[in-house]
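**Student:** So that we are looking at the same thing, I have put the structure below in structure tokens.
Read-outs: derived from the displayed coordinates by stated rules, not from any lab. It should be emphasised that the depicted structure is a prediction, and the values quoted were computed from it without experimental measurement. Note that each Cβ is placed from the backbone with ideal geometry, even for glycine, and that neighbours are counted across all protein chains shown.
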């Protein structure tokens, strides 16, 4: 049986992945094991930030999603994070792109989880 976290994450990912699949989820130590397990349950690869492959061009490659949080309480929740690519900034060069940051609220209504009005911000 799917966890409430994986069901809520699936609803949010439907919005986030309209353009590109977030196949690799980057999670820091602040993300709970239950949330990590939810993304694994959805068939996503879950990695720590230090497992992102080094690139001179990108700090977060395309296909990666850096999870800031997935909170679920009762029949509502919110997923926040940034979808790559995010360009690498140096002392002499600004990043060429900064990814898309998402805040996606999700709610359960009539037994089904759906994403609500979300925000997507580029830079």
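**Student:** Assuming residue 20 fulfils every condition listed in (1) surrounded by fewer than 16 Cβ atoms within 10 Å (Cβ to Cβ); (2) touching a residue at least 60 places away in the same chain (Cβ under 8 Å); (3) assigned to a strand (DSSP E or B) apart from one, which condition is it?
**Tutor:** (3)
**Student:** For residue 35, state whether it is without any contact (Cβ under 8 Å) to a residue 24 or more places away in the chain, in contact with a helix residue (DSSP H, G or I) (Cβ under 8 Å, 6 or more places away or on another chain) and surrounded by 13 or more Cβ atoms within 10 Å (Cβ to Cβ). Step through it out loud before you land on a result.
**Tutor:** Values: without any contact (Cβ under 8 Å) to a residue 24 or more places away in the chain: no; in contact with a helix residue (DSSP H, G or I) (Cβ under 8 Å, 6 or more places away or on another chain): yes; surrounded by 13 or more Cβ atoms within 10 Å (Cβ to Cβ): yes.
Answer is no for this residue.
**Student:** Please count how many residues of the stretch 54-69 are over 17 Å from residue 23 (Cβ atoms) and in contact (Cβ under 8 Å) with a residue 12 or more places away in the chain.
**Tutor:** Filtering the stretch 54-69 down to residues over 17 Å from residue 23 (Cβ atoms) leaves 54, 56-57, 59, 68-69.
Going one step further and asking which of them are in contact (Cβ under 8 Å) with a residue 12 or more places away in the chain, we end up with 56-57, 59, 68-69.
Qualifying residue count, the stretch 54-69: 5.
**Student:** Sticking with this structure for a sec: Filter the stretch 96-123 for residues that are in contact (Cβ under 8 Å) with a residue 24 or more places away in the chain and more than 21 Å from residue 25 (Cα to Cα) and give the result.
**Tutor:** Across the stretch 96-123, the qualifying residues are 96, 107, 108, 109.
**Student:** Output the residues belonging to the stretch 48-70 that are closer than 18 Å to residue 35 by Cβ, out of contact with any helix residue (DSSP H, G or I) (no Cβ under 9 Å at 6 or more places or on another chain) and part of a strand (DSSP E or B).
**Tutor:** Filtering the stretch 48-70 for residues closer than 18 Å to residue 35 by Cβ gives 48-49, 51, 64-70.
Imposing the further condition that a residue be out of contact with any helix residue (DSSP H, G or I) (no Cβ under 9 Å at 6 or more places or on another chain) reduces the set to 48-49, 51, 64, 68.
Result: 64, 68.
**Student:** Return a yes/no flag: does the stretch 83-93 have any residue that is under 14 Å from residue 9 (Cβ atoms), under 14 Å from the mean Cα position of the chain (by Cα) and without any contact (Cβ under 8 Å) to a residue 60 or more places away in the chain.
**Tutor:** Checked against the condition, which is being under 14 Å from residue 9 (Cβ atoms), under 14 Å from the mean Cα position of the chain (by Cα) and without any contact (Cβ under 8 Å) to a residue 60 or more places away in the chain, the stretch 83-93 yields no hits at all.
**Student:** Follow-up. Condition test on residue 43, is it within 24 Å of residue 118 (Cα to Cα) and assigned to a loop (DSSP other than H, G, I, E, B)? Give the derivation first.
**Tutor:** Working: within 24 Å of residue 118 (Cα to Cα): yes; assigned to a loop (DSSP other than H, G, I, E, B): yes.
In short, yes.
**Student:** On to the next question. Would you say residue 105 is in contact with a helix residue (DSSP H, G or I) (Cβ under 9 Å, 6 or more places away or on another chain) and surrounded by 14 or more Cβ atoms within 10 Å (Cβ to Cβ)? Don't jump to the end; show me each part of the working.
**Tutor:** Working: in contact with a helix residue (DSSP H, G or I) (Cβ under 9 Å, 6 or more places away or on another chain): yes; surrounded by 14 or more Cβ atoms within 10 Å (Cβ to Cβ): yes.
When the stated conditions are applied, residue 105 passes them.
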